[in-house]
Amino acid sequence: MSLTASMVMANEKEIPTLPDQIDIPEEYLAAAKRAKDQAMNSEVMRSRVSDVMEEVKSEQWQARKNEFLSLLRADAGLDPVESDDPDSEGPSSRPLLFISSSMPEITLRNYARDLEKVGGVMVMRGMIGGLERTQPTMEFISKVLRRNPACEGPQCVMRSLDVVVDPIQFKNHGITKVPALLVEPEFDFQSYCEKGATPPGMGVPVVYGDASLRSLLEHLTMMDGGTPAKPLLARMENQNAQ
């Protein structure tokens, strides 16, 4: 069934908004806001938040999360591709790019193309629409990693790039906006998948900005603690020269 734009606009005009139906006095709204603020600042609420964060940090929660993500990738045809690059074996410096589904698709696809060259990882704060809904996240990851944006279906070739959902990484590194890039030295992805994120070491710089991956890596190399970004930048430039 299809709807014309005029039909949709007409229907929207016929639906009354909440203020049209209910006249809520301003003092009631102010009282409700005060009650909400008091509840959020209460010891009980802080204790609940602390309990939730401890649960999220636990190995059991991380195991369930990664099992869920493995099923998610398999359903979307995003099974990890084995790399024949010997430099990718074992712990090594890996760029972590913090992203959001609100970023332009073309920007995300360009980042995915370049991150694949240096063994990077894309990090999302949470599932799109919450944990109850998996399909939006599956579709989002599929669009970003699809080599041919015009391809549809499970037979599309995907980039060999890890995409993880991990609010703890955002919290550990104090990420407040995206895109944000950092390089984790001695990053063991297998251990990360099994145990989750660990607190970052001292001096892990973060660079923000809607710039190319090459530019972000260049900026990192000029910051204190940015030495691990230098071989990644050289690796990317070598591949671009080929």
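Shown are 210, 162, whose ranking by accessible area with a 1.4 Å probe and every protein chain present, most to least, is 210, 162.
Within the full protein context, the accessible area of residue 224 is estimated at about 140 Å² for a probe radius of 1.4 Å. For residue 160, the accessible area of its heavy atoms, probed at 1.4 Å with every protein chain present, is near 50 square angstrom. The order of 156, 151 by accessible area, most exposed first and with a 1.4 Å probe, is 151, 156. Protection proxy ranking of 132-140, 119-127, by the mean of other Cβ atoms within 10 Å over each peptide's residues and highest first, is 119-127, 132-140.
The values are calculated or read from the model by the stated rules, or taken from the named source; none is laboratory data. Quick caveat, the model's predicted, so the values are computed rather than measured. In this analysis, Cβ positions are derived from the backbone assuming ideal geometry, glycine residues included, and neighbour counts consider all displayed protein chains. Remember, those area values only see protein heavy atoms, side chains included, never the ligands or the DNA or RNA. Shrake-Rupley method; radii C 1.70, N 1.55, O 1.52, S 1.80 Å.
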